[in-house]
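Notes follow the structure.
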Amino acid sequence: MERLTFIYISIVIAILSGCDGRKMTDRLETVSRIADNNPDSALIVLGRYENEKANWGKGDRMFFELIKMKAQNKSGIKIQSDSILSDFVAYFDANGTPNERMLAYYLLGRFHANIGESPQALQTYYDAIEKADTLNPNCDYGTLAAIYGQISTIFHQQNLPHDEINALQHYCECIKKCRSEVDYAVAKSQLIRPYYLLGEKDTVLQIIDATYKKLKLYGKDKRAAGLLASSIYIYVERNELSKAKQTITIFENESGLFDEQGNIATGREHYYATRGFYELAVDNYEQAENFFRKAIKAGYLSDGYRGLLSVYRHKNITDSIYHFSLLYENAQDSLHNQMQIETTHKMFALYNYSRSQKEAEQARQKARNARFWIISILVSVGLGMLLAAYVYRKYKRKKQEEIAKLSTAFHSAKKEYQIIKEELRQLKDKDYEKLIAGKEQKEKELKQTIEELAAVTGQPSTTDNLTDFESSKIAEVFHKKKDFRSDNPIPNKAEWRALEIQFSKDMPATYKMLAKDKKLSPLELHVCMLLILGFEDCSIVNLTDSISQTITTAKARANRKIFNEKGAQTLKAGLLQLIKAK
């Protein structure tokens, strides 16, 4: 197993090391996905970059630390300080994606939960949920599920089953969107806990039965059998002893929780008390006594002493009845006292949180008073500025009307220019020298008119010429690289720049729209140029020295920026249609 882990980590590092053309953010996103299922492996990969991160930009350094803390949290390493987390929250609030903001707030909530500040943790988890963009297909439902899972845990600890149910329902919805059917079935089984606290035993049995059948259907026999302990106790309570016996047989033989001596796995020892009450119900008092004593040894004193008290009452042994009555009473008192202490701690934490909120509100009120006087002073200045703005808008409106008229003349001249240019080409083909000379003079005049109007309106003075772009020398260089007819199949920076310059020269309108109006990133612009030249995705992956997922993501982002379309499939058709329309 250790050897496989080593091989897995080596492959990941090799892949990341080969991605020299990619930004660090792309690499770190890959590590983040690794951390979802293999946090220890992700930490090893991140360790490789510890000495390099000092040379990165602030954004990459902050994202590195965020992913590192995510992996540590998943590995069970508790977050010790909130100072760095506060910096994360502030930075990603201003600069991060919705997923990054959600993750930063979630980790801050985990810190509050680790130090026992449940109210602050709960509030921070809700803040994290508000940061999520569930309309985005790239929404991180894994982190969102973890947030709802932590919220349900807090509600369970505070004995608020209705709120716990609500949180778990959201948790299950998130699991359904990002995990397997097996994970979804296991997630729904967590509803057993709050419904049991509510005393809704029929609902508990329905959940157990539905989950058991689902897991059996997917071949998860052990996990299915492991859910049955609660149903055994309910059947015993209802004196449905045949069902209890049948369920015991499945649980003990199929769950994989018992060793050869019949001892259950650590953490599941309360089952000894359940089994003891079953043996008590079928009058098997010796076996019942053995199971209750095992429950007591595992720390379940209240149920264990209650069971032994019932055993000795049946045996009518007065001294033992008295002895275990006292032990059971003491265990109940201890349990009650512990519950009171925990309740007091929770109330104290809530009091401290409320007090800090009140102090913060007082500070905000003082700040509001100060702002009131500042605003009063600024109002008079603002009124003067409004008057100046009105005059300016009036002037701007008049100027825009003039530009609109010039723009209409510009488009009209441009259209006539295209007609003349086409007629001129046809005339040249027929060798009508006199007519050609006239059309050339008309073309020259229209071109001058277009340039003059373009200078006023700010629009490109020439039209796109896809044929020139496709037949350019730099396009031919890229075709050679695509077909591996070049010494270096990966373009260098100078060649990419030459292609972009040629694109701006031959396709000025499309270039302006993509590079300036839509503000495509360099990678997104490169992908669009190659698509216009007719390159396939596999060739684009090779030329950009990337991986398929990176190119698909770049196409999807460009498609959203240009056409407000989701996905990457329609980008090429949209670009060609756009060029044809121009």
Accessible area of Ser472, 1.4 Å probe, to the nearest 10 Å²?
10 Å²
Taking a crude spin-label model, label points 7 Å out from Cα along the C-beta direction, the Gln287 to Arg313 distance in nm is 2.2 nm
In debye to the nearest 20, how big a dipole does the range 251-294 give about its Cα centre with +1 on each Lys and Arg Cβ and -1 on each Asp and Glu Cβ?
200 debye
Place +1 on the Cβ of every Lys and Arg and -1 on the Cβ of every Asp and Glu in the range 137-231, take the dipole about the Cα centre, and give the residue among Val182, Thr153, Tyr195 whose Cα lies farthest towards its positive end.
Val182
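Return one quarter of the surface area of the convex hull spanned by the alpha-carbon atoms of the range 205-330, equal to its mean projected area, in nm². Please report the intermediate quantities before stating the final value.
Numbers: hull surface 32.3 nm².
For the range 205-330, averaging the hull's shadow over all directions gives 8.1 nm².
Taking 0.36 nm per residue of separation and subtracting the Cα-Cα distance, what length does fully extending Ser83 through His479 add?
Details: separation 396, 0.36 × 396 = 142.56 nm, distance 5.30 nm.
Roughly 137.3 nm would be gained on extension.
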For Asp60, the accessible surface traced by a 1.4 Å probe with all protein chains present amounts, in square angstrom to the nearest 10, to 30 Å²
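Take the alpha carbon atoms of the range 23-135, find their radius of gyration, then divide it by 2.2 N^0.38 Å using N residues; give the quotient. Don't skip to the end; give the middle numbers.
Numbers: Rg = 13.6 Å, N = 113, 2.2 N^0.38 = 13.3 Å.
Relative to the 2.2 N^0.38 Å estimate, the range 23-135 comes out at 1.03.
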Please work out how much length the chain gains when fully extended from Asp40 to Lys394, using 0.36 nm per residue of separation minus the C-alpha to C-alpha distance, in nm with one decimal.
121.0 nm
For the pair Asn138 and Thr25, the simple spin-label estimate (label points 7 Å beyond Cα toward Cβ) gives in nm 0.8 nm
Rh (Kirkwood, all Cα-Cα pairs) for the range 86-179, Å, reads 13.3 Å
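May I ask you to rank Ile77, Ile147, Ile490, Ile207 by accessible area, largest first, using a 1.4 Å probe over the protein chains only?
On the way: Ile77 85, Ile147 0, Ile490 60, Ile207 25 Å².
Ranked list, largest accessible area first: Ile77, Ile490, Ile207, Ile147.
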Over the range 56-185, relative contact order from alpha-carbon pairs under 8 Å, at least 6 apart, %:
17 percent
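The values are calculated or read from the model by the stated rules, or taken from the named source; none is laboratory data. Computed from a predicted structure; not experimentally measured. In this analysis, Cβ positions are derived from the backbone assuming ideal geometry, glycine residues included, and neighbour counts consider all displayed protein chains. Ligands, DNA and RNA are excluded from the accessible area calculation, which covers all protein heavy atoms including side chains. Shrake-Rupley method; radii C 1.70, N 1.55, O 1.52, S 1.80 Å.
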